[in-house]
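Below is one structure, written out as structure tokens; the observations come after it.
The values are calculated or read from the model by the stated rules, or taken from the named source; none is laboratory data. What you see is a predicted model, and the numbers here were worked out from it, not measured in a lab. Here Cβ is always computed from backbone atoms with ideal geometry, including for glycine, and neighbour counts include all displayed protein chains.
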Amino acid sequence: MQTSFPVAAGDFTKAGAASSEIKRMLKQLGIPQKTIKRIVVALFEAEVNVIAHSYGGDISCDVTPQQVEIRVIDKGPGIPDLNLAMKEGWSTASEEVREMGYGAGMGLPNIKKNADLLEIHTAANDHTDIRMTFFLDGDKEQ
């Protein structure tokens, strides 16, 4: 099963919309709750990063019997120093974003902690492409 969602830059009123829809879909598919929680935590962080730091982007979700793969591709401006961005507490969020309760510098670290596999392709003045993979053990909750 596949689905996708556009994410608008700067629109915090929609923060979590894609995450919520994907959560609902995963529940309907019988994905274990513990796995759903990891997926939604990572996805929400990525979704907020697109809203706070990019020019907009897209989220896609592909569910197979073996795994859930989430891709988040934004339209730039990219991450100049990915190693630095992966450190807990480091953030380039504006003061306005921080005042809304976002931008604590936990986005990428939380994504890494929750995904079974994480690939990030980015560069300054380019887009960012995040691929998160979550493995399913085949045991569905009853």
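Mind counting the residues in the range 98-117 that are in a helix (DSSP H, G or I) and small (G, A, S)?
Number of matching residues: 1.
Has the range 18-25 got any residue that is surrounded by 18 or more Cβ atoms within 10 Å (Cβ to Cβ) and of a type in the set (S, T, Y)?
yes
Would you please name the residue that is surrounded by the most Cβ atoms within 10 Å (Cβ to Cβ), looking only at residues in the range 26-47 that are among the basic types (K, R) and under 13 Å from the mean Cα position of the chain (by Cα)?
R38
Quick one: F44 ticks every box in (1) within 16 Å of M132 (Cβ to Cβ); (2) aromatic (F, W, Y); (3) at pLDDT below 95 except a single one, so which number is it?
F44 satisfies all of (1) within 16 Å of M132 (Cβ to Cβ); (2) aromatic (F, W, Y); (3) at pLDDT below 95 except (3).
Look at the range 122-136 and say how many of its residues are loosely packed, with under 14 Cβ neighbours inside 10 Å and either without any contact (Cβ under 8 Å) to a residue 40 or more places away in the chain or closer than 16 Å to E47 by Cβ (or both).
Number satisfying all stated conditions: 0.
Failed condition for E96, given (1) modelled with pLDDT under 95; (2) among the acidic types (D, E); (3) touching a helix residue (DSSP H, G or I) at 6+ places or on another chain (Cβ under 6 Å), with all others met?
Against the list (1) modelled with pLDDT under 95; (2) among the acidic types (D, E); (3) touching a helix residue (DSSP H, G or I) at 6+ places or on another chain (Cβ under 6 Å), E96 comes up short only on (3).
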